[in-house]
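In what follows, a structure is listed as structure tokens, so that the remarks can point back to it.
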Amino acid sequence: QVQLVESGGQLVQAGDSLRLSCAASGRTFSNYDMGWFRQAPGKEREFVAFISYSDSTYYAGSVKGRFTISRDNAKNTVYLQMNSLKPEDTAVYYCAAELRVGVPWAPNEYENWGQGTQVTVSS
């Protein structure tokens with residue numbers, strides 16, 4: 001198991017950039033696949049980005065080219081760099097972890113979740 005805490009969410013304007021962080025506990029963090037998901041009010045939880053334990057990445061089409069996921073195993077932290085933010089990016093952003101993810105974009109692949117951090121993008 002790993003415990004996850006997201007941070008960095010805030011109110012920004014369209015076109016702005018923001019970096020989210022996900023701090024993880026546990027001594028085996030480097031073995032985990034990590035994902036970012038988001039959920040807007042009244043909507044299903046949506047896949048955003050994925051990074052494997054070996055640094056392979058995968059992005060949702062809606063964010064590809066704008067968002068970048070990365071990890072720093074020495075700091076037990078995963079990041080989501082968000083550029084060119086749009087109002088439709090407004091959501092609670094969650095990080096998730098699992099030792100072996102088979103389908104990166106499927107929320108039920110992940111056993112461990114953070115509490116979420118709110119990102120609001122005004123137009």
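The values are calculated or read from the model by the stated rules, or taken from the named source; none is laboratory data. All of these numbers come straight from a predicted model, not from anything done at the bench. Glycine also receives a Cβ, built like all others from the backbone with ideal geometry; neighbour counts cover every protein chain displayed. To get the accessible areas, we keep the full protein, side chains included, count just its heavy atoms, and leave off ligands, DNA and RNA. Shrake-Rupley method; radii C 1.70, N 1.55, O 1.52, S 1.80 Å.
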>> Every residue in region 102-123 that is in a loop (DSSP other than H, G, I, E, B) and within 17 Å of Pro41 (Cβ to Cβ), please.
In response: Gln115, Gly116, Ser123
> Quick one: in region 67-77, which of the residues that are in a helix (DSSP H, G or I) and not hydrophobic (A, V, I, L, M, F, W, C) is surrounded by the fewest Cβ atoms within 10 Å (Cβ to Cβ)?
Replying inline: Lys75
> When you look at Ser54, is it free of Cβ contacts under 8 Å to residues at least 24 places away in the same chain and in a strand (DSSP E or B), yes or no?
Replying inline: no
> Of the residues Phe37, Phe50, which is touching a helix residue (DSSP H, G or I) at 6+ places or on another chain (Cβ under 8 Å), at pLDDT 95 or above and of a type outside the set (Asp, Glu)?
Replying inline: Phe37
> Can you name every residue in region 92-114 that is surrounded by fewer than 17 Cβ atoms within 10 Å (Cβ to Cβ) and of a type in the set (Gly, Ala, Ser)?
Replying inline: Gly102, Ala106
> Among the residues of region 32-48 satisfying the criterion of being more than 19 Å from Val2 (Cα to Cα) and either assigned to a loop (DSSP other than H, G, I, E, B) or of a type in the set (A, V, I, L, M) (or both), which is most open to solvent (accessible area, probe 1.4 Å)?
Replying inline: Glu44
> Does region 50-66 contain any residue that is open to solvent by 20 Å² or more (accessible area, probe 1.4 Å), within 13 Å of the chain's Cα centre (by Cα) and under 18 Å from Gly8 (Cβ atoms)?
Replying inline: no
